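Worksheet for the structure shown next.
The values are calculated or read from the model by the stated rules, or taken from the named source; none is laboratory data. None of the values given here were measured: they were computed from a predicted structure. Neighbour counts are summed over all protein chains in view; Cβ atoms, including those assigned to glycine, are modelled from backbone coordinates with ideal geometry. Calculation scope for accessible area: heavy atoms of the full protein, side chains included, ligands and nucleic acids excluded. Shrake-Rupley method; radii C 1.70, N 1.55, O 1.52, S 1.80 Å.
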Amino acid sequence: LQPPLTQGRRFIRNPEQAAALRLIAADGAEAFYSGPIAGAIVKTVNENGGAITARDLESYRITESRPLKGEFRGRTILTMPLPSSGGVTLLQILRLVELRPDMLERLSPTSGRYLQLVVESFKFAFADRAEYFGDPEFGPNPTQTVLAEARLKARAAAIDPTATFPPEHYTKVAPLPDDHGTSHFCVVDRWGSAVACTETINLSFGARIIVPEYGFCLNNQMDDFLTRRGKPNAFGLTQSDRNLPAPGKRPLSSMTPTIVLTRAGDVEMVVGASGGPRIITATLQVMLNVMLLGMNASNAVDAPRVHHQWQPNKAEIEDRMDFEVPGSARDYSRWRGEVSRSLVARGHVVINSDDGAAVQMI
């Protein structure tokens with residue numbers, strides 16, 4: 001007989017959160033937005049120096065948006081629209097990669113020209129993220145402008161296969177803290193319906209304030225807004241006035257839940273990640289591992305990745321020896337060395353980082 005799953009393990013018990021889940025199961029959304037859970041949230045926030053009323057919670061409405069739609073090599077890409085920056089940034093990078101077939105010759109995961117194309121595309125896209133993005137309900141929606149074909153062609157043509165440039169070439173941002181407040185899951189059912197779902201409380205344990213009656217953490221999503229002009233947020237990101245807070249406004253995020261369809265319209269892959277702004281670059285690289293490099297889902301997710309977010313002007317290489325990379329630890333060290341040499345030769349400042357993103361893919 002197999003031993004019980006609980007044998008030899010310790011578990012966190014949270015009966016208060018169980019009570020909250022039972023109330024939601026019984027009474028639906030009302031239990032959270034206007035019932036006893038709402039009262040406990042209002043009490044906790046105000047006791048800890050915040051400002052929220054019962055009416056704020058009761059008047060909250062979920063917004064349902066059409067997914068952002070793009071294409072890559074005959075596939076249809078369905079992804080997250082603003083105010084998440086993830087989808088727009090993802091589509092920008094995919095198109096920049098597609099527009100430079102000359103840098104995709106003799107393709108391999110360590111090809112210097114391929115890595116240069118990906119990293120330079122990151123830098124252009126993150127520069128736009130800093131300058132133009134915010135909640136489109138409270139200002140102009142830049143999506144079509146930054147995805148305009150003529151603009152992307154001009155940017156693709158500006159990518160040099162042999163050299164990188166100072167930040168001003170890409171036309172504001174900084175180092176990232178650990179982000180453990182986000183999770184993502186993918187689901188495909190037997191009928192072919194697919195869901196890519198990302199949820200977040202922003203940083204680890206959110207605001208680090210718990211609603212004691214119901215055992216859950218409050219988020220610190222306010223930090224995703226520009227709250228102090230000229231000052232970076234917890235992620236070191238400096239953002240434009242388009243992302244200032246306002247009543248009813250939603251902050252800019254990096255969530256990138258994505259579904260890829262075949263030419264026939266069938267689901268080919270479902271993908272997304274957690275990890276702050278690294279969500280975008282990690283999701284993108286896992287997709288390219290499948291669509292360009294022919295990897296299966298397991299190898300595509302396990303393969304180590306690079307990250308660049310325009311500012312600081314550094315290319316990160318994941319420095320984690322616990323990756324189940326196809327092959328051995330020696331293969332991983334060789335990969336890291338080849339990638340580092342390729343990028344340094346083109347003028348990038350390269351650092352090893354034990355930070356990364358957790359990617360889910362079907």
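Just for helices (runs of 4 or more DSSP H) wholly inside the range 95-177: which have at least 2 residues that are small (G, A, S), within 21 Å of M291 (Cβ to Cβ) and in contact with a helix residue (DSSP H, G or I) (Cβ under 8 Å, 6 or more places away or on another chain)?
Answer list for the range 95-177: 112-132.
Within the range 50-62, can you find the residues that are open to solvent by 80 Å² or more (accessible area, probe 1.4 Å) and outside any helix (DSSP H, G or I)?
Passing the criteria: A51, Y60, R61, I62.
Give me the pairs, please: first residue somewhere in the range 140-162 and open to solvent by less than 50 Å² (accessible area, probe 1.4 Å), second residue anywhere and among the acidic types (D, E), beta-carbon distance under 6 Å, and either six or more positions apart or on two chains.
V146/D128; I159/E120
Within the group E131, E105, which residue is open to solvent by 20 Å² or more (accessible area, probe 1.4 Å), acidic (D, E) and touching a Ser or Thr at 6+ places or on another chain (Cβ under 8 Å)?
E131
Suppose we filter P277, P326, P304 for residues that are surrounded by 20 or more Cβ atoms within 10 Å (Cβ to Cβ), in contact with an Asp or Glu (Cβ under 9 Å, 6 or more places away or on another chain) and modelled with pLDDT under 95; which single one remains? Walk me through how you get there before you give the answer.
Numbers: P326 fails: surrounded by 20 or more Cβ atoms within 10 Å (Cβ to Cβ); P304 fails: surrounded by 20 or more Cβ atoms within 10 Å (Cβ to Cβ).
Of P277, P326, P304, the one residue that is surrounded by 20 or more Cβ atoms within 10 Å (Cβ to Cβ), in contact with an Asp or Glu (Cβ under 9 Å, 6 or more places away or on another chain) and modelled with pLDDT under 95 is P277.
Out of the range 261-274, which residues are buried (at least 21 other Cβ atoms within 10 Å of the Cβ) and either hydrophobic (A, V, I, L, M, F, W, C) or in a helix (DSSP H, G or I) (or both)? Let's see the steps before the verdict.
Start the filter on the range 261-274 by keeping residues that are buried (at least 21 other Cβ atoms within 10 Å of the Cβ), which leaves 269-274.
Passing the criteria: M269, V270, V271, A273.
For the range 76-88, give me each residue that is open to solvent by less than 30 Å² (accessible area, probe 1.4 Å) and aliphatic (A, V, I, L, M).
I77, L82, V88
Which numbered condition in (1) surrounded by fewer than 19 Cβ atoms within 10 Å (Cβ to Cβ); (2) within 27 Å of F225 (Cβ to Cβ) is the only one that R73 fails?
(2)
Inspect the range 61-80 for any residue being closer than 30 Å to V344 by Cβ, at pLDDT 95 or above and under 17 Å from the mean Cα position of the chain (by Cα) and give the result as yes or no.
No.
Can you name the residue in the range 199-233 that is among the β-branched types (V, I, T) and in a loop (DSSP other than H, G, I, E, B) and is also nearest to G50 (Cα to Cα) among such residues?
Kept after step one, since they are among the β-branched types (V, I, T), are these residues of the range 199-233: 200-201, 209-211, 227.
Among the residues that remain, those that are also in a loop (DSSP other than H, G, I, E, B) are: 201, 209, 227.
Values: I201: 16, I209: 11, T227: 15 Å.
Of everything passing the filter in the range 199-233, I209 is nearest to G50 (Cα to Cα).
From the list D27, D128, which one is within 28 Å of the chain's Cα centre (by Cα) and acidic (D, E)?
Only one candidate qualifies: D128.
Output the number of the condition that L284 fails; it satisfies all remaining conditions of (1) open to solvent by less than 50 Å² (accessible area, probe 1.4 Å); (2) under 20 Å from V119 (Cα atoms); (3) at pLDDT below 95.
Exception for L284: condition (3).
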